[in-house]
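Visitor: Take a look at this one; I'll ask things after.
The values are calculated or read from the model by the stated rules, or taken from the named source; none is laboratory data. Please read all numbers here as calculations on a predicted model, not as lab measurements. Backbone-built Cβ (ideal geometry, glycine too); neighbour counts: all protein chains shown.
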Amino acid sequence: MRIEYSNKVIRKLTVKISDKPGFLGRLTSAIGKCDGMIGEIKTAHLGKGYKIRELDIYAEDESVLNNILASIKEIDGMEVIAVTDIVEETHLNGKIEIRPTVEINSIDDLRIVYTPGVASICHKIYQNPSLARKFTTIGNNVAIVTNGTAILGLGDIGAVAGMPVMEGKGLLFKLLADINGIPVLLDTRDPEEIINTVKHIAPTFGAIKLEDIKAPECFEIEDRLDNMLDIPVMHDDQHGTAVVVLSALINIAKYTFINLKESSVGIIGLGAAGTGIMKLLKAYGVQTFYGVDLDVSAMDRFESLGGTRKDLNGVVTSSRIVIATTGCPNLITPDMVQQGQVILALSNPNPEIDPELAVKSGAIFAADGKSVNNALAFPGLFKGALAANARTINDQMKIAAAKAIASFALEGDLVPNILDKNVHYAVAKEVETAAYRTGVARFIEE
């Protein structure tokens, strides 16, 4: 089990400030001098000769926060009224809920949505099971399934501790694609139990999203369920990440005039993300891969997929494009960087090499994991698959998603704004089209 986590803190400061010129500037300057970062600033109250301001503060750790508070205390005309943990406050009672889509204002309404009226709909579905997608939420439900063995950067902390992440995924599904993302927590590490459980609950859902299940078990679980079920099954840690990486590389290739398909790609870290990236880039047309991982079985799997194993230095020095997903900060040293390389050091919060340092050391382009967020991919990817009533999510659908994401990036950016709903709906449309084009879509029989 790995339960290391970032010590970074986010707090809301409520500060009483003299209503005179320059005081807000003194406050923000004091925060900046203590290495704090400022998010949203709001005026909470206007008083006689003073204002109450609320500021979201980002600090590297508690000691930085304490220095900020001490610095503010020394400024005449200011008083910190409250320090609120807005992360805890936001998570109170969870982040998602189930709401009705119809109103019940009378007994007659109840008789329509429940017994006896509902019986006719049940009978229709009994005669033609495909109508469940028309008359129930099944066609818009996605199970977010985890056993908690690979939660973000926290590792094997269990499914219940991972529930806030699953709720976050459900929240994004609803906000960005109007999909019902329903967390399903499984208290088991046994792949057979996971497979059998998902198989038996699958009728409730239009698709299955496997989440934060560790490698190598995740590969077998996904493959078997995808073959077993007639609805899409996708492990987001592999394929959601891969789609966003491909979209970023499409734009990098445009900005740097490199031929992506003919470039050699080195992958450092061959777990779920690294393997998913390799598979999708290969499907896109990249032919040459070098890889390294501490796990020998991961290296064997990489070779079976067509990659060539090397040591760390060999991967970096042999590859035009280097992609790192190890969770090990500063793993790539400046002397390894080759002239004209592209480096994506994707580990959060601290990358394998700082992008600015990589460029100073010779890279033509470098980025970290802040912009490569799989939430850019999965809402539209699943929405498109559900709209097509697809049996699976294939490589062509993922590539279509990556191209759509890339097309929305502003000039000079790798990817677009994650909260732009137009991006997710455009991704969904392209994915749906790709599903029909590749023969995995189905029409509902009336």
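Visitor: Can you tell me which of (1) buried (at least 20 other Cβ atoms within 10 Å of the Cβ); (2) in contact (Cβ under 8 Å) with a residue 60 or more places away in the chain is the one residue 171 doesn't meet?
Guide: (1)
Visitor: Using the structure shown, decide if residue 356 is in a loop (DSSP other than H, G, I, E, B) and surrounded by fewer than 17 Cβ atoms within 10 Å (Cβ to Cβ).
Guide: no
Visitor: Evaluate the following for residue 374: is it within 30 Å of residue 134 (Cα to Cα), touching an Asp or Glu at 6+ places or on another chain (Cβ under 9 Å) and modelled with pLDDT under 95?
Guide: yes
Visitor: Related question: I need a count of the residues in the stretch 29-70 that are free of Cβ contacts under 8 Å to residues at least 12 places away in the same chain and either of a type in the set (Gly, Ala, Ser) or not in a strand (DSSP E or B) (or both).
Guide: Within the stretch 29-70, the first condition is being free of Cβ contacts under 8 Å to residues at least 12 places away in the same chain, and the residues that meet it are 29, 32, 43, 45, 48, 63, 66, 70.
Among the residues that remain, those that are also either of a type in the set (Gly, Ala, Ser) or not in a strand (DSSP E or B) (or both) are: 29, 32, 48, 63, 66, 70.
Of the residues in the stretch 29-70, 6 are free of Cβ contacts under 8 Å to residues at least 12 places away in the same chain and either of a type in the set (Gly, Ala, Ser) or not in a strand (DSSP E or B) (or both).
Visitor: Also: Could you list, ordered by first residue, the pairs with Cβ atoms under 7 Å in which the first is in the stretch 407-436 and within 28 Å of residue 391 (Cα to Cα) and the second is modelled with pLDDT under 95 and surrounded by fewer than 22 Cβ atoms within 10 Å (Cβ to Cβ), at least 6 apart or interchain?
Guide: That search, which allows pairs on different chains as well, returns 418/373; 418/375.
Visitor: Scan (1) under 27 Å from residue 208 (Cβ atoms); (2) part of a loop (DSSP other than H, G, I, E, B) for the single condition residue 105 breaks and write down its number.
Guide: If we test residue 105 against (1) under 27 Å from residue 208 (Cβ atoms); (2) part of a loop (DSSP other than H, G, I, E, B), just (1) comes out false.
Visitor: Being surrounded by fewer than 21 Cβ atoms within 10 Å (Cβ to Cβ), under 25 Å from residue 150 (Cβ atoms) and touching an Asp or Glu at 6+ places or on another chain (Cβ under 8 Å) narrows it down to one of 283, 273, so name that one.
Guide: 283
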